[in-house]
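No value in this document is a laboratory result; all are computed from the given coordinates. Remember, it's a predicted structure, so these values are computed and weren't measured experimentally. Backbone-built Cβ (ideal geometry, glycine too); neighbour counts: all protein chains shown.
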Amino acid sequence: MMMHSQMAQVLRVLFLEDSSADAELFQAQIPLSIRANWQIVHVTRLQEAIAHLLNEEPFDAILSDLFLPDAVALDTVCQFRAIAPHIPLIVLTCLDDTEFALEAVRQGAQDYLIKGNFDYPLLERSLRYAIERCHAQALLLQSEERFKSVLKNSPIVVFSQDANLQYTWVYNLPDGFEPEQVIGHYDRDLFSEAEVAQLTAIKQRVLETRQTQRVELPLTLNGQVHYFDFNIEPYGEQNGKPMGLRGVATDISDRKRIEAQLQQREAELAKAQKMARLGSWKYVIATQQITWTPETYELTGFDPTKPPPSPAEFLNYVPSPDAEILHNTIQQSLQLNQPFQLEHRFIHPNGKILWFLLKGEPVTNPQGEVLSLTNVVFDITERKQAELELESQKAFLRQIIESVPSSIFAKDIFGRYLAINQAEAARMGCQVEEAIGKSDAELLGNSAVVEQYRQIEQAVMATGEPYLSAPHSETDSQGNVCWYQVAINPFLNPQGKIQGIIGSATNITELKQIEDQLRLSEARYRSVVDNLQEAVFQTDADGRWIFLNPAWTGITGFSIEESLGTCFLDYVHPEDRQSNLNLLLPLLRRERDYCQHSIRYLTKSGGVRWLEVVARLRTDSQGNFLGTSGTLFDITERKQTEQALRHSEELFRLVFDKAPVGTGLIDTHTLKLTQVNQTYRQILGYEEAELLGKTLIDITAPEDLDADLQQMTRLLCGEISTFRMEKRFIRKDGSRVWTDLVVTLLPSHGLTSSQTLGIIQDISDRKQAEAELRKSEASLAAAQKLARIGNWQFDLFSQKISWSAEAFEIFGCDRNQPEPNYAEFLAAMPLEDAEALQARVKRTIQTGEPYEIEHRYVKADGSTIYVLGKGEIVTNIRGQAVGLFGTVMEITQRKRTEDALRESEEKFRQMAETINDLFWMSTQNYQDAIYVSPAFERILGKFGLTPGAVFAQWLNSIHPDDRDRALTNFSHIHREGCEQEYRVIRPGGKLCWIRDRAFPIYDKQGKIYRIVGLAEDISDRKQAEARLQQSLRDKEVLLKEVHHRVKNNLQVISALFSLQAESIQDLKVKSVLQDSENRVRSMALIHETLYRSTNLGQVNFSQYIYRLANSIFMTSSTHYGHIQLNYDLAAVSLNLETAVPCGLLLNELITNAIKHAFPNKRVGEILISLKQLPDSLELATSELAINPAQTRPPKPKYELKIRDNGIGLPPNFAIENLQSLGLKVAYDLALQLRGTLDLKTQGGTEFRLIFSELTYSKRL
């Protein structure tokens, strides 16, 4: 059911009225001018109306009463909406109830008219307006569906966020997420802290730079990590900043998984190559030197103790003509600087013929000169043998061809059949054997059709271009007409030369029937009537209204009486009046018969309505201008719908253009591309103008065309709503590109046009990765073959075992005989091994866990081998166990090695019994002592103990003060082992110091099964350490006493200076003595700090600075309280060699600041700071800096500052021309410290000393 075209003239109305009298009266009162444009179909029952609609009769509108014999009230509206939602419904009833009318409109009615209270122009306006609105709504719905279809069939999430990064809109969220979980939230509410930090930084950069960002990020969703390709851009502007951002996020987890899997396979391939013993050799041109790897010697059978053979000697082992080909290939590779690959035979020294695969590549210098040739050689003898099985594969291919429902055939260049399947034979009406070797003319006779196909086949072979026929009909042997579509492709030999054609004929009879039905349906509904709802007007020559119908009042609210006689421009929006006059000028000049345009009109309530104006000239019989006449149609809601449609189109365009996947729209009738995004064009390599108008057939690879068209046919026939396939497109340059294609039929919503949405994603990299993966897996299989690892399969239902060739060889069975069944296989094993294997297999079947087991097997020749078997469960699609698959590897040699290891352990036991230390071994829970060396009795002094009593007696002998600690340490052995020292009490009460080291031993399953340890008697060492500690304590007391006496002597000297100063009247001399007193006091304070410290080698210099500065400050006679002393001291300790000169320098600088920085009782402060500099700090020095040469490795650097805000130093002050003794001393002390002394004079004076601790010889 479809609405008629808006350009038609007749309005077809389905009129539902149960009263025949009312129906006749209604139709009789319709004016002739309106009745001519209406075609009314009257019914009296709702079911009659539904029958018309179900028969797909075309109606433009439905006019219905509500109270009917078979439906009451709103049930009538609901049933119409369910049957024909795209046809507008207008209610015509006697019930004048406003609430009821509103509910009818909410249920889907377009209008609600009261019988007797309307005129027919109003009814016509209501009908035309409802039709137009339904059409606009259908367009809007189609646009929204198209937008949703783009997202629904793609892994794309669309989102927008405000400037605070709060989500405001999302669509197409991943599984497990609902919009309400995201909208109104932030990234921190959804993802981990690390993920949020990275994602937020990118989005902030988008807002700050206003540039689009594209990045790949991992995000954790529902406990699983997904990779997304983000494309984020800013939008809008408010106060000079973006209003927010919007973007698309594409789930690329599959691609990342393929890449990770490929990396894993490459690692496995590398390991397999090593196991496969790939040989390699190198030939150096300059020296004529040839080097072989051990694997090359092993492959060729040459003696590895001798030099490799020369090229000429090697060619003696290569049969003719392979030797000549090999020689020429290598020479050509060296001359042309090109890699090569060659397969050739080789005669092993034992006489066996082998096949080698040789790959070589020249190595050049930067000038392009060939220096050497590197080669890799691989034994492909088994592969060559495998090629013999190719013929059996051809038979399998034949079975596949016969199972295909399409007709398939192959012909030589003369048109003779090389092969056909049963379907083609049936189509031709003959047997397969009859057709082979014959042409169409011999089978079907000469006819125009046979000659036409012969010409087509010759054109395909001449041009190499595939051919796809148009659908055509054929009559089969039963007289039935069938439709076919024939595809013909050139058939190439391995050298690329055309040697015939391969073709197929697809029966499309069912498709043609469906297409015919579609064309018939389209022809039935193409005729529709377009009559708009409108107000009729006439104006005089001055533009004043002289006639208006009631629709004018319904549109503008102005009554006809108050409007007549007024100028029409008074009702036009002021901004549109001039443009309205300009649009009327061609009509007034009689350049056009009529004019039609959209303009805004004012309403009586102060609102604005959009009206579509159609106007014509009114003239008298002499052609004189009388005025205008025409119609006004209210299109306000259509304009609003168009605005919503534009918004929907913008959203669609955002996803369409920005999506990282190709998106295109395809006309379902012509299969032509009507719209494509940039990614679509990039994938195919076309410009937009080149690509638009091309059909799917033009850009689809012929080998994928049939499958694509079959799916399109099913889609258009309604069998499926969407389909997905991997197909190849033809790029502009002729190359093929693999894509993941998703096609969805877009709903038409009653419109005549229909489209499909195609989404393509370039999967060429994935296809290449899959090919590499297959290659890697093949190489891995080859490596397993070389490693002599057998494969097997076990069918649980038949109890049959299938072996690989390697398995036959391992078990010593004849490959020409069938594999043994499960029972026979177990019978060839020792009983205990067979029972163990049965138990492991049963457990694997029950739990699904893989197993690994070592067991013995008795070969047919009576010899016994050890094998390592591994197996895992094989399930069907329902998860039920149907079999097992596994590998088997002979480990007889390894078992022999283990026997040798046991012999070695016995030798170790003998050695353990000869050493003085105690060696012991126990079970994992210490319950049983497996072995205790004889040294136990000597160390513990107890004899005759049984192994079971050893540990109990040992623990009881541990000193009570050490026992808890020892037991705690023993408990850690299972995790990391332990090493400890403790005391034991020997008989008689004598103490013995023990150093005990213990660690766990693990089995193959990683479980602890032994604890071993070594106990050493260290009593003599402990006694020596005790004597040494006592000696150190004595020396420490002596050293403290020395520091104490040095401090006392320095204080005596300081006191002498003080006494001498009191008797001196000369202020300069007195000042010198006071300075000397302070210097001595600074050294005495260091020695006092040392002997009071617990560490005699380090001075707590921060504490020392505080005491020294306060001492100088308090003994100074000049501060008088106007100087404030402040500190910023970090915890720093220095050795004595560094602390003494540093303390003297500090004394000089503090004294200098107190004396000279604040004359005349100037108020100020002195700041002393000390800190350790970061390792990365680059020390800047001024022109006044002292930079002694650094001769030591870098050490931690310290910064000491003395800064005051006093009067500062003179502008021309230079540290090189020092006159002050104190500053000279400070300068010399900086040199002694190998430090850097900086001076700043801005805003006071600042001395900055950068130094490291001096190196000295350690004291006892």
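Once you reduce the range 192-220 and the range 545-565 to the center of their Cα atoms, the two points are 60 Å from each other. Here each label is just a point 7 Å from Cα along the line to Cβ, and for residue 361 and residue 1195 those points are 5.5 nm apart. Applying 1/(1 + (r/R0)^6) with r as the Cβ-Cβ distance of residue 180 and residue 210 and R0 = 30 angstrom yields a FRET efficiency of 0.45.
With an 8 Å Cα cut-off and a minimum separation of 6 or more residues, compute the relative contact order for the range 535-636 in percent.
Values: 200 pairs, mean separation 29.2, N = 102.
Value for the range 535-636: 29 percent.
Computed extension gain for residue 985 through residue 499, at 0.36 nm per residue and net of the alpha carbon distance, reaches 165.0 nm.
Could you tell me the calculated FRET efficiency between residue 1213 and residue 1162, based on Cβ-Cβ distance and R0 = 22 angstrom, to the nearest 0.05? Walk me through the intermediate numbers first.
Details: r = 19 Å, r/R0 = 0.86.
Taking R0 as 22 Å, the efficiency between residue 1213 and residue 1162 is 0.70.
Dimensions of the range 404-525 along the principal axes, based on C-alpha atoms and rounded to the nearest Å, stand at 56, 31, 29, largest first. Checking the cross-link filter: which aspartates and glutamates have an alpha carbon closer than 12 Å to that of residue 241, excluding same-chain neighbours under 8 positions apart? Filter leaves 162, 208. Distance between the 7 Å Cα→Cβ label points at residue 653 and residue 573: 2.1 nm.
Ranked for footprinting exposure by Cβ neighbours inside 10 Å, fewest first, 1137, 465 give 465, 1137.
With the charge dipole of the range 788-895 set up from +1 on Lys and Arg Cβ and -1 on Asp and Glu Cβ about the Cα centre, the Cα lying farthest toward the positive end among the listed residues 798, 893, 874 is that of 874.
Hey, which of these cross-link pairs are over 23 Å Cα-Cα: 842/870; 800/859; 384/411; 352/870; 282/359; 306/352?
Working: 842/870 14 Å; 800/859 19 Å; 384/411 30 Å; 352/870 34 Å; 282/359 11 Å; 306/352 21 Å.
From 842/870; 800/859; 384/411; 352/870; 282/359; 306/352, over 23 Å: 384/411; 352/870.
Taking R0 as 60 Å, what FRET efficiency do you get between residue 997 and residue 768 from their Cβ-Cβ distance, rounded to the nearest 0.05? Computed FRET efficiency for residue 997 and residue 768 comes out at 0.60. Could you name the aspartates and glutamates whose alpha carbon sits less than 14 Å from that of residue 1201, not counting residues in the same chain fewer than 8 places away? Filter leaves 1128, 1148, 1165, 1238, 1246. Projected label points at residue 115 and residue 162, each 7 Å from Cα along the beta carbon direction, are separated by 5.5 nanometres. Between the range 55-132 and the range 842-860, how many Å separate their Cα centres? First find each Cα centre; the distance between them is then 78 Å. Sorting 674, 897 from the fewest to the most surrounding beta carbons within 10 angstrom yields 897, 674.
Give me 1169, 933, 863 sorted ascending by neighbouring Cβ count inside 10 Å, so fewest comes first. Don't skip to the end; give the middle numbers.
Values: 1169 16, 933 22, 863 10.
Ascending Cβ contact count within 10 Å gives the list 863, 1169, 933.
Once you treat every alpha carbon in the range 11-148 as an equal point and sum by Debye, what is log10 I(q)/I(0) at q = 0.10 Å⁻¹? For the range 11-148 at q = 0.10 Å⁻¹, log10 I(q)/I(0) is -0.32. Extent of the range 788-895 along its three principal axes (Cα atoms, max minus min coordinate, largest first): 43, 29, 23 Å.
A simple packing score, the average count of other Cβ atoms within 10 Å per residue, orders the peptides 958-966, 623-631 as 623-631, 958-966, with the highest score first. Stretched out straight at 0.36 nm per residue, the stretch from residue 381 to residue 47 would grow longer than its current Cα-Cα span by 112.1 nm. In the range 275-387, the inverse of the mean reciprocal separation of distinct Cα atoms equals 14.6 Å; this is its Kirkwood hydrodynamic radius.
Put simply, the amide H of residue 70, placed in the peptide plane, has neighbours under 5 Å in 46, leaving out anything fewer than 5 places away on its chain. For the range 404-525, averaging the sequence separation of C-alpha pairs within contact (under 8 Å, six or more residues apart) and dividing by the residue count gives a relative contact order of 24 percent.
Positive contributions from Lys and Arg (+1) and negative ones from Asp and Glu (-1), summed over other residues with Cβ under 14 Å from the Cβ of residue 509, come out at -3.
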